Amino acid sequence: MICTFIILNSLSALAAPKLPIVEILGGNYYVYEVKKGDSLFGISRAYGWDYDRLRQLNPKAISPLVKGTKIYYPAEVSESVGQSGICNSDLTSGSQQLTHLVKRGETAYAISRMYNIPVERIFELNPASHTGIKEGETLLLSKNNVSDEDSNAAYYTIKKGDTLYGVAKSHFTTVAAIMKLNPGVSETNFKAGAVIRLPEKGEGVKSSVKKVEVERLTSFSTYKVEKKDTWDTIAEKTGADKEDILEANRNAGEKPKKKSLITIPNVETSVVERTIVEEDPRELTDEGIAEIYDSIHGISETQNAKVFKVALLLSEPASRKDLEFTRGFLTGVDRLTKYGMKLGVTVIDGNRNSTDVLTELSDVDPDLLFLTTEKGIPSYLSEYAEISQTPMVNTFDVKNELYTRNPYIIQLLTPSDYFNDGIAARVKKDYGDYTLVFAGNTDDGDQLASAIKDSWDKSQVKNLSVEAIAKFPFKEDKKYIIYGYPTKKAEVTELMDAVKEAKSLSPLSEVTVLGRPSWIVYDESSMEDSFHASNVIIPSRFYYDKNSAECRQFVNYYKALFDRNPAKSFPMYACVGYDASRYFIAGLAEADYDINAIGASREGVQNEFELNRPGNWTGMLNPVVYLVRFTPYGSIEKIAVK
């Protein structure tokens, strides 16, 4: 803590005494050299010092004072009267603002959950956020570094020059405690501008009470140097420590001058009980901090020699979803074992009471856990993941938000906020110079449509009925992108027919149709030809192209193991398991089993993954989504949007 003290002079009340300061036994003292006519009382009045304390510290300074005698007084504020202490840390901690740099896909609601702040507080501090927030915008979350008046959660914005060790010490905690609360933090990514959560003061700090000898300076006296005196003889005569005498007489030279006045510090030794903080020596080196990181994340040098244990916790083991996911997962594992990986996969029936499930999880002690629930993660499983520090993959529940609070939850399917913003940004980038036409009955609940509309030039936006689309005069010198509100197959067919009719009237006009995500289920029906004819693009979290070489290869692997074709569904549950097993298991092995270092996957049959953390203390999510384009040439393009 760096504190600036204002010491009020009793006469001028403007500045601290302009006197030399010496450090003796860890304490700072003003040094005043007596002039003719001085008295202790007059000196105390002149400098605003406490007279009783001055007399106590200089007991042999009896009137009349001898010219040249040195008088000492503590320079510490805590020992002075008539002083006002202002500490920089008190000023900055109260005025340090907590801010957040908005990333793609984040909403005010998602950010409020991340920081445990009521969303109304964000709206109050950022009035414009009522109508939405944008990537790159900085939001004020609190006027101090605490997230909520009723919460103990405190945050710290890393400054230039900060180190993990320095921040830990200045907040009376440990590097390990910071890393445990912020699994996304390491020494290598501890960069200025990033935000971390702070553990409570004392968290992780180990201490013990021990009896120690301490020296306390009780007073000063004066010794008049005699002939042949040396610093050693003076120390012997006075009983004071030679080093303490030299410290109090720094300008006296190598040899004391005859008849000069030497200050003798009188020191008292006593045994006291002290609380001793035990530092982890690993915190002092980069190698040691890396060792702490590995310990927090369960990484060891023998990791490659052990069996990597994976658990599949099935919410409905007999359902087609869970059966297909498991078979697909095992198909991926079968491919990985051919590369010499040591794997252990356990399937756990999650359709039981919490006690039985937790008992089996405890027995298995997995390194990685997959959940197949589609509607909510039970709180006991969330607690298990956090307490055991086991990464838990939320495989199917797209609406779950536990990843914003639990650092060990991995959101596999892109959350709606990220999906809508990501698609809207990519459509704007690729088609921003097109006229945007909304076709059909307006759906106020369509958040993707709202995100796209908000990003567009209002003068380039039109709203038409499906009937009006058929007769709309598309111009050859302009480009159009039609967003279709319809969701039912018959209504989508009607819109495709209307676009076809309009294009027959303007065959050279450039028209693209942007469908709703639900349209993807119609691609294998008779509508596929209509999609190609209308140059349809469909946003989706996944896409299985049955005609691709990767998909045909997957089917062959699956059939070889289970003597059947994977069941058709949306998504293809078997492909979810296949892609997930290959990404996580192979990716973790390549990253030395460090979940933070797992890379991006571009080899998925149905899905690609690229995990990141919204905050250092949050879980991870996969933001990769797609635009599936049915080209007029009969081909299908799967465009990844990150």
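The values are calculated or read from the model by the stated rules, or taken from the named source; none is laboratory data. The structure displayed is predicted, hence computed values, not measured ones. Counting neighbours? That spans all protein chains shown, and the Cβs are built from the backbone with ideal geometry, glycine included. SASA here: full protein model, heavy atoms, side chains in, ligands and nucleic acids out. Shrake-Rupley method; radii C 1.70, N 1.55, O 1.52, S 1.80 Å.
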Going by what's in this entry, would THR487 be described as open to solvent by 20 Å² or more (accessible area, probe 1.4 Å), in contact with a helix residue (DSSP H, G or I) (Cβ under 8 Å, 6 or more places away or on another chain), of a type outside the set (Asp, Glu) and not in a helix (DSSP H, G or I)?
yes
Yes/no for PRO473 being touching a helix residue (DSSP H, G or I) at 6+ places or on another chain (Cβ under 9 Å), surrounded by 15 or more Cβ atoms within 10 Å (Cβ to Cβ) and either among the hydrophobic types (A, V, I, L, M, F, W, C) or not in a helix (DSSP H, G or I) (or both):
no
Of GLU215, GLU200, GLU226, which residue is outside any loop (DSSP other than H, G, I, E, B) and either open to solvent by 100 Å² or more (accessible area, probe 1.4 Å) or not aromatic (Phe, Trp, Tyr) (or both)?
GLU215
How about the range 555-581: which of its residues are in contact (Cβ under 8 Å) with a residue 40 or more places away in the chain, over 18 Å from ASP397 (Cα atoms) and not aromatic (Phe, Trp, Tyr)?
LEU561, PRO566, ALA567
Scanning the range 381-403 for residues that are outside any loop (DSSP other than H, G, I, E, B) and loosely packed, with under 14 Cβ neighbours inside 10 Å, which turns out modelled with the highest pLDDT?
GLU383
Take SER84 and decide whether it is modelled with pLDDT under 90, exposed (fewer than 13 other Cβ atoms within 10 Å of the Cβ), of a type in the set (Ser, Thr, Tyr) and closer than 24 Å to ILE24 by Cβ.
no
Scope the range 370-380; condition of a type outside the set (Lys, Arg) and surrounded by fewer than 19 Cβ atoms within 10 Å (Cβ to Cβ); matching residues
GLU374, GLY376, PRO378, SER379, TYR380
Residue identified as at pLDDT 95 or above and under 30 Å from SER569 (Cα atoms) among VAL333, VAL347
VAL347
Of everything in the range 454-470, what is open to solvent by less than 60 Å² (accessible area, probe 1.4 Å) and either under 26 Å from THR107 (Cα atoms) or of a type outside the set (Gly, Ala, Ser) (or both)? Give them in sequence order.
SER455, TRP456, VAL461, LEU464, VAL466, ILE469
Give the residue, chosen from THR269, THR275, THR285, THR233, that is β-branched (Val, Ile, Thr), open to solvent by 70 Å² or more (accessible area, probe 1.4 Å), out of contact with any helix residue (DSSP H, G or I) (no Cβ under 6 Å at 6 or more places or on another chain) and without any contact (Cβ under 8 Å) to a residue 60 or more places away in the chain.
THR269
Lone unmet requirement of (1) surrounded by fewer than 20 Cβ atoms within 10 Å (Cβ to Cβ); (2) out of contact with any strand residue (DSSP E or B) (no Cβ under 8 Å at 6 or more places or on another chain); (3) of a type in the set (D, E, K, R) for ASP421:
(1)
Among the residues of the range 541-563, is any outside any helix (DSSP H, G or I), open to solvent by 20 Å² or more (accessible area, probe 1.4 Å) and at pLDDT 95 or above?
yes
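Okay, residues lined up against (1) over 57 Å from the mean Cα position of the chain (by Cα); (2) more than 25 Å from TYR32 (Cβ to Cβ):
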residue: GLY204; (1), (2): no, yes
residue: VAL212; (1), (2): no, yes
residue: GLU215; (1), (2): no, no
residue: LYS227; (1), (2): yes, yes
residue: THR230; (1), (2): yes, yes
residue: GLU236; (1), (2): yes, yes
residue: ILE245; (1), (2): no, no
residue: ASN251; (1), (2): no, no
Would you pick out the residues in the range 270-308 that are in a helix (DSSP H, G or I), more than 24 Å from ILE598 (Cβ to Cβ) and modelled with pLDDT under 80?
none
Looking at LEU495, LEU464, LEU505 in this structure, which one is of a type in the set (A, V, I, L, M), in contact (Cβ under 8 Å) with a residue 24 or more places away in the chain and either in contact with a Phe, Trp or Tyr (Cβ under 7 Å, 6 or more places away or on another chain) or within 23 Å of PRO415 (Cβ to Cβ) (or both)?
LEU464
Since ILE117 meets every condition but one in (1) within 20 Å of the chain's Cα centre (by Cα); (2) in contact (Cβ under 8 Å) with a residue 60 or more places away in the chain; (3) open to solvent by less than 60 Å² (accessible area, probe 1.4 Å), which condition does it not meet?
(2)
Set ALA589, ALA580: member being within 24 Å of LEU313 (Cβ to Cβ) and in contact with a Ser or Thr (Cβ under 8 Å, 6 or more places away or on another chain)
ALA580
Can ILE452 be described as under 30 Å from GLN606 (Cα atoms), among the aliphatic types (A, V, I, L, M) and part of a strand (DSSP E or B)?
no
From the set of residues in the range 575-600 that are among the small types (Gly, Ala, Ser) and surrounded by fewer than 20 Cβ atoms within 10 Å (Cβ to Cβ), which is farthest from VAL624 (Cα to Cα)?
ALA589
Please state which of the following conditions ARG629 fails to meet, knowing it meets all the rest: (1) open to solvent by 40 Å² or more (accessible area, probe 1.4 Å); (2) of a type outside the set (Ser, Thr, Tyr); (3) part of a loop (DSSP other than H, G, I, E, B); (4) in contact (Cβ under 8 Å) with a residue 60 or more places away in the chain.
(3)
Pairs with Cβ under 8 Å, 6+ apart, first in the range 28-41 and open to solvent by 60 Å² or more (accessible area, probe 1.4 Å), second not in a strand (DSSP E or B):
ASN28/ALA75; ASN28/GLU76; GLU33/GLY68; GLU33/THR69; LYS35/LYS67; LYS36/LYS67; PHE41/TYR51
Taking the condition of being surrounded by 15 or more Cβ atoms within 10 Å (Cβ to Cβ), part of a helix (DSSP H, G or I) and either out of contact with any strand residue (DSSP E or B) (no Cβ under 8 Å at 6 or more places or on another chain) or basic (Lys, Arg) (or both), how many residues in the range 501-520 meet it?
2
Return a yes/no flag: does the range 427-445 have any residue that is open to solvent by 10 Å² or more (accessible area, probe 1.4 Å), without any contact (Cβ under 8 Å) to a residue 12 or more places away in the chain and part of a loop (DSSP other than H, G, I, E, B).
yes
